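Since every read-out is calculated from the coordinates, none of them should be taken as a lab result. Everything numeric in this text was worked out from a predicted model, so none of it was measured. Cβ: placed from backbone, ideal geometry, glycine included. Neighbour counts: every protein chain shown.
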Amino acid sequence: MPGIRGIVKTWLWIEEWWNRHARYRDLYRQLDAWRDDFKARSAWVDALTDDELEEMQQRLADCIEAIQGTAGEASEPPGGAS
């Protein structure tokens with residue numbers, strides 16, 4: 001029969017394991033909620049046709065190109081002040 005120390009050590013190990021389990025269970029519930037919310041917000045993308053997706057990608061590429069073009073101009077302060 002295990003001594004009182006063995007029982008206490010086992011009990012503490014079980015308590016620590018349960019606390020970790022409960023903490024991660026809440027985390028996974030939160031992640032599942034975020035995942036469901038993301039799927040609900042992005043469901044409209046699945047309904048797009050191939051032509052609509054191509055047009056969207058082209059417009060996005062145009063926007064990125066325009067932003068990169070203006071980024072070089074904005075990197076220097078006006079009037080040469082530093």
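The simple spin-label model puts a point 7 Å past each Cα toward its Cβ; for Leu53 and Arg29 those points are separated by 3.6 nm. Here segment 1-41 is described by how far its Cα atoms reach on the three principal axes: 58, 12, 5 Å, from widest to narrowest. For Asp62 and Ile7, the difference between the fully extended length at 0.36 nm per residue and the C-alpha to C-alpha distance is 13.0 nm.
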